[in-house]
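A.B. asks: Mind having a look at this structure? Questions to follow.
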Amino acid sequence: MDHTPPPFFKRGPAPLVRLFFFASLSLALLVIDARFRYVDGLRTWLALAAYPLQRAATWPIDLALSVGGYFSTQTNLIEENERLRAQALANVQDAQRYQALQAETAELRRMIGAAEKLPVQATLAEVLYLGRDPYAHKLFIDRGSVQDVRAGSPVSDDTGVIGQVTRVHPLLSEVTLLTNPDQAIPVQVVRNGLRAVAFGGGASGMLELRYMPANAEVQNGDRLVTSGIDGTYPAGLPVASVVRVERDAEHSFARVVCKPAAGIERGRYVLILTNEAARPPRPDETQAKERRGEKTRRAKTKEKAASDDSR
């Protein structure tokens, strides 16, 4: 009976023989590669053939890294976008503040230049707020009796008259604008020197020259300045310009509508004018009564002397 194993279970050479053979082959290949460089081409072809296998083996790792990098990039982009939006909003606010400060500086420069050109002393004041009644055409400024502001002082800006101080408090004052229906200002036409009185037009924001004769020499475009005859407003300050003249043969007076020259409803700073020019004092009622009494006594004395002479 044959006791040899079937071919499937044949063991071949001994393990020690195989180890020696492959070790010798490895050493021979190392020596040949180190001395003669014969296997460089073979190594290149082997690396090229193994590259798809390497890519296939590393593909899951590369896919995981790519997905993680994508979501990480998206998160970073969202955070950066939010940061840039906040920075843009802050830049817009800074730009708006810069523009406001630039406009305020320009207005202050205009006010200072206008104050230097005025023939009277002027005090710079800031507009705090408007009056509660929108139809009263009043505003409040940050100067009061502590700063020697007096009731009746005219108020203007760099382009013309705004109104008049009507009430003074310790730290603020109330200014009635020219457009107030109860406000009146004596004016003069620059072109021909015609004097008139301008009254506030109320809600229209205009001024009106009332009680002007129908044949008065007033035309569109005429500039009106303060006449100075009231002793309150200095002469020569711009007030308004004529925009419409309505003449009707059935009425004795013409209706003259004027547009204020100053920024009645705009501007943040105003000038409080102090007219300290020397003027002859107005005679009061007491002096007038004394003069009338003195004249009466003189007349009676003359009458008595005349009656004594006749006797």
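The values are calculated or read from the model by the stated rules, or taken from the named source; none is laboratory data. On a predicted model such as this, the values are computed, not experimentally measured, just so you know. A quick note on method: Cβ atoms are made from the backbone with ideal geometry, for glycine too, and the neighbour counts reach across all protein chains shown.
A.B. asks: Cβ-Cβ distance below 6 Å, separation of 6 or more or different chains: which pairs start in region 118-143 with a residue that is closer than 15 Å to Asp182 by Cβ and end on one that is assigned to a strand (DSSP E or B) and of a type outside the set (Lys, Arg)?
C.D. replies: Pairs that qualify, where the first residue is closer than 15 Å to Asp182 by Cβ and the partner is assigned to a strand (DSSP E or B) and of a type outside the set (Lys, Arg), are His137/Leu177; Lys138/Glu174; Lys138/Thr176.
A.B. asks: Let me ask another. Looking only at region 194-214, count how many residues are under 18 Å from Pro238 (Cβ atoms) and either without any contact (Cβ under 8 Å) to a residue 24 or more places away in the chain or out of contact with any Phe, Trp or Tyr (no Cβ under 6 Å at 6 or more places or on another chain) (or both).
C.D. replies: Here the count works out to 12.
A.B. asks: Further, regarding this structure: Kindly list the number of the only condition in (1) closer than 17 Å to Val155 by Cα; (2) of a type in the set (Asp, Glu); (3) at pLDDT 75 or above that fails for Glu246.
C.D. replies: Unmet condition: (1).
A.B. asks: Of Thr179, Thr159, which residue is of a type in the set (Val, Ile, Thr), touching a His at 6+ places or on another chain (Cβ under 7 Å) and either crowded, with 17+ Cβ neighbours inside 10 Å or modelled with pLDDT under 90 (or both)?
C.D. replies: Step by step, each of Thr179, Thr159 is checked, and only Thr179 is of a type in the set (Val, Ile, Thr), touching a His at 6+ places or on another chain (Cβ under 7 Å) and either crowded, with 17+ Cβ neighbours inside 10 Å or modelled with pLDDT under 90 (or both).
A.B. asks: Can you list the strands (runs of 3 or more DSSP E) found entirely within region 134-184 that contain at least 3 residues being within 21 Å of Val120 (Cβ to Cβ), of a type outside the set (Val, Ile, Thr) and touching a Pro at 6+ places or on another chain (Cβ under 9 Å)? Lay out the reasoning, then the answer.
C.D. replies: Working: elements: 138-141, 154-156, 161-168, 173-177.
Strands (runs of 3 or more DSSP E) meeting the threshold: none at all.
A.B. asks: Kindly indicate whether Tyr129 is within 26 Å of the chain's Cα centre (by Cα) and part of a loop (DSSP other than H, G, I, E, B). Steps first, please.
C.D. replies: Values: within 26 Å of the chain's Cα centre (by Cα): yes; part of a loop (DSSP other than H, G, I, E, B): no.
Criteria not met by Tyr129.
Residue-wise test of (1) crowded, with 17+ Cβ neighbours inside 10 Å; (2) in contact (Cβ under 8 Å) with a residue 24 or more places away in the chain; (3) in contact with a helix residue (DSSP H, G or I) (Cβ under 7 Å, 6 or more places away or on another chain).
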position: Ala216; (1), (2), (3): yes, yes, no
position: Gly221; (1), (2), (3): no, no, no
position: Thr226; (1), (2), (3): yes, yes, no
position: Ile229; (1), (2), (3): no, yes, no
position: Thr232; (1), (2), (3): no, yes, no
position: Gly236; (1), (2), (3): no, yes, no
position: Val239; (1), (2), (3): yes, yes, no
position: Arg244; (1), (2), (3): no, yes, no
position: Asp248; (1), (2), (3): no, yes, no
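A.B. asks: Would you point out the residue of region 250-272, among those that are among the aliphatic types (A, V, I, L, M) and touching a helix residue (DSSP H, G or I) at 6+ places or on another chain (Cβ under 9 Å), that is nearest to Arg167 (Cα to Cα)? Write out each step before concluding.
C.D. replies: First, the residues of region 250-272 that are among the aliphatic types (A, V, I, L, M): 254, 256-257, 261-262, 264, 270-272.
Now restrict to residues that are touching a helix residue (DSSP H, G or I) at 6+ places or on another chain (Cβ under 9 Å): 257, 270-272.
Working: Val257: 28, Val270: 16, Leu271: 16, Ile272: 13 Å.
Among those that are among the aliphatic types (A, V, I, L, M) and touching a helix residue (DSSP H, G or I) at 6+ places or on another chain (Cβ under 9 Å), it is Ile272.
A.B. asks: For region 209-218, what are the residues that are of a type in the set (A, V, I, L, M, F, W, C) and part of a strand (DSSP E or B)?
C.D. replies: Residues satisfying the conditions are Leu209, Met212.
A.B. asks: Continuing with the same structure: Return the total of residues in region 176-205 being under 19 Å from Asp133 (Cβ atoms) and aliphatic (A, V, I, L, M).
C.D. replies: Residues meeting the conditions: 3.
A.B. asks: Here is a further query. Scan (1) assigned to a loop (DSSP other than H, G, I, E, B); (2) at negative phi for the single condition Gly221 breaks and write down its number.
C.D. replies: (2)
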